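To start, the structure under review is shown below, and the notes come after it.
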Amino acid sequence: MATDFKFIPLIDVSPLLEKWDHPNITQDEGVAQVVRQLDQACREAGFFYVKGHGIPDSLMKDIKNIAREYFHQPYEEKIKIKLSAETGYRGYQRIGENVTKGVPDKHEAIDCYREVNHGMYEGLGDVMQGSNICRPSNPPNFKQLMEVYIDRCTDLSRKIMRGIALALGGSADEMEGEIGGDPFWVFRIIGYPAASISNGHDKAHDDVGCGAHTDYGLLTLVNQDDGIVALQVRNKLGEWISAPPIPGTFVCNIGDMLKILSNGIYESTLHRVINNSPKYRVCVAYFYEPNFDAAVEPLDVCLQKTGGTKNFEGAVYGKHLVSKVTTNFIM
Ligand SMILES: N=C(N)NCCCC[C@H](N)C(=O)O
Ligand SMILES: O=C(O)CCC(=O)C(=O)O
Ligand SMILES: [Fe+2]
């Protein structure tokens, strides 16, 4: 359960990454320390920064720079990969098309999902079926860079999830196999326009780049633009705690499916984005999600720790996702 945390902790995950598949992983003191930090962060904030993650700084920067270049293009170019129901909700959405709790968000984005081929997951996959137009051919390199980046994030997320599984008292591979062995990742490249100039008057309200929401799956890796403070996380007192960018780190947070799996020991924390800076902000978000057809239920080990009663209904991840994407857009 989120507490009245005032800041978001930073965790060096390198010991976990070094030993992620060691048979005696639970006996390693370095790993045990990371696991304790993950547990505390997930209980208190549902958010944490990671360093020592092994993804080169150059790759983290390159993907943000190419995102910036993409959004800088004229609308006619960007709309060539327009998101719609026909594309399986993949592709480009302009400012105001994504809606959170009924309010249009002040961001543009490209949404990309793991491939869904015809007939996969029986009927459940149909909504998410689409060509891969979410992989733009302009700027050149974009597609290739995206693929490299997504692979690295998938690998890192799997290893962090192993640490989280241990933190919950399970085995390291607790969240693999039927739950997350074939993760239905989501990849979003997001652009937030600079704050509008208010002629010195107090603005009646901030322009909300992305309204308060929780993420849908297991674990999100956010690669934020350096130098702009815009992401905010809500604590138990209802205060919005900033998550300022720390160069070279990812901001990680828990999604709705991990809340269910942990039977509420961990929760998906509300967060939002307000870009009050005079600069355009880019953000590259990678979402590590369960298998599309995973039937997500509280883990036995978590049920035992929480008195044996299910605090949440189970969910099929694909259904949860479809219920979100089909209501997220006004186009
Ligand atoms: N795949 C994820 N998590 N995307 C996050 C978008 C959150 C905003 C969305 N309009 C909503 O209301 O959920
Ligand atoms: O822009 C950010 O920093 C976070 C974006 C986010 O929360 C999301 O896309 O789910
Ligand atoms: Fe989010």
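Derivation of every value follows stated rules applied to the coordinates shown; laboratory data play no part. Keep in mind that what you see is a predicted model, and the values were worked out from it rather than measured. All Cβ positions, even for glycine, are placed from backbone atoms using ideal geometry, and neighbour counts span all protein chains on display.
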TODO: Give the order of Y288, Y70 when sorted by the count of other beta carbons within 10 angstrom, beginning with the fewest.
DONE: Y70, Y288
Task: Residue order, fewest to most surrounding Cβ atoms within 10 angstrom, among E178, E76, E289 - done: E76, E178, E289
TODO: For the stretch 110-123, take each phi angle, set θ = phi - 60°, evaluate the Karplus expression 6.51 cos²θ - 1.76 cosθ + 1.60, and give the result in whole Hz per residue in order, putting x for glycine and proline.
DONE: 10, 9, 9, 10, 3, 4, 10, 8, 3, x, 5, 6, 6, x
Open item on the list: Ignoring solvent entirely, what values of log10 I(q)/I(0) come out of the Debye formula for the chain at 0.15 Å⁻¹ when each Cα is a single scatterer?
Closed with: -1.33
Task: Between 0 and 90°, nearest 10: helix 29-44 axis offset from the chain longest Cα axis - done: 60
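Let a ≥ b ≥ c be the square roots of the eigenvalues of the Cα gyration tensor of the stretch 1-70; is it rounded (a/c under 1.5), or, if not, prolate (a/b larger than b/c) or oblate? Intermediate values should be presented prior to the final figure.
Working: a/c = 3.39, a/b = 1.30, b/c = 2.61.
Judged from the Cα gyration tensor, the stretch 1-70 comes out oblate (a/c at least 1.5, b/c at or above a/b).
With a ≥ b ≥ c taken as the square roots of the eigenvalues of the C-alpha gyration tensor of the stretch 114-187, please select rounded if a/c is under 1.5 and otherwise prolate if a/b is larger than b/c or oblate if it is not?
On the way: a/c = 4.18, a/b = 1.43, b/c = 2.93.
Taking the square roots of the gyration eigenvalues as a ≥ b ≥ c, the stretch 114-187 is oblate.
Among the listed pairs K80/K143; K64/K279; K6/K310, give every one whose C-alpha distance is greater than 18 Å. Walk me through the numbers on the way to the answer.
Working: K80/K143 15 Å; K64/K279 14 Å; K6/K310 30 Å.
Flagged as over cut-off: K6/K310.
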TODO: With only Lys, Arg, Asp and Glu charged, each at its Cβ (+1 for the first two, -1 for the last two), find how big the charge dipole of the stretch 1-146 is about the Cα centre; round to the nearest 20 debye.
DONE: 440
Open item on the list: Rounded, prolate or oblate for the stretch 108-262? Axes are the square roots of the Cα gyration tensor eigenvalues, ordered a ≥ b ≥ c, and the cut-off for rounded is a/c under 1.5.
Closed with: oblate
TODO: Quick one: which residues, 5 or more positions from F250 or on another chain, have an amide H under 5 Å from its amide H? H modelled 1.01 Å from N in the peptide plane, none for Pro or chain starts.
DONE: V50
Task: Cα-based convex hull, the stretch 263-306, per residue volume (Å³, whole number) - done: 110
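Looking at the stretch 234-331, which GluC sites (Glu not before Pro) are in a loop (DSSP not H, G, I, E or B) and have at most 16 other Cβ atoms within 10 Å?
Numbers: sites: E239, E267, E313; in loops: E239, E267, E313.
The qualifying sites are E239, E313.
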TODO: Please identify, among H107, H53, H320, the residue showing maximal mean-square fluctuation in a Gaussian network model of the chain using a 10 angstrom Cα cutoff.
DONE: H320
- [ ] Name the cysteines of the chain that stand alone by the Cβ rule: no other cysteine Cβ under 4.7 angstrom.
- [x] C42, C153, C210, C252, C283, C302
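Only four residue types carry charge here, +1 at the Cβ of Lys and Arg and -1 at the Cβ of Asp and Glu. Report the dipole size of the chain about the Cα centre in Debye, rounded to the nearest 20. Can you show the working numbers first?
On the way: 34 positive and 43 negative charges, 175 e Å.
That gives the chain a dipole magnitude of about 840 debye.
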Task: Set of lysines near K305 by C-alpha distance (under 18 Å), chain-local residues within fewer than 8 positions excluded - done: K259
TODO: Quick one: which residues, 5 or more positions from L83 or on another chain, have an amide H under 5 Å from its amide H? H modelled 1.01 Å from N in the peptide plane, none for Pro or chain starts.
DONE: Y92, Q93
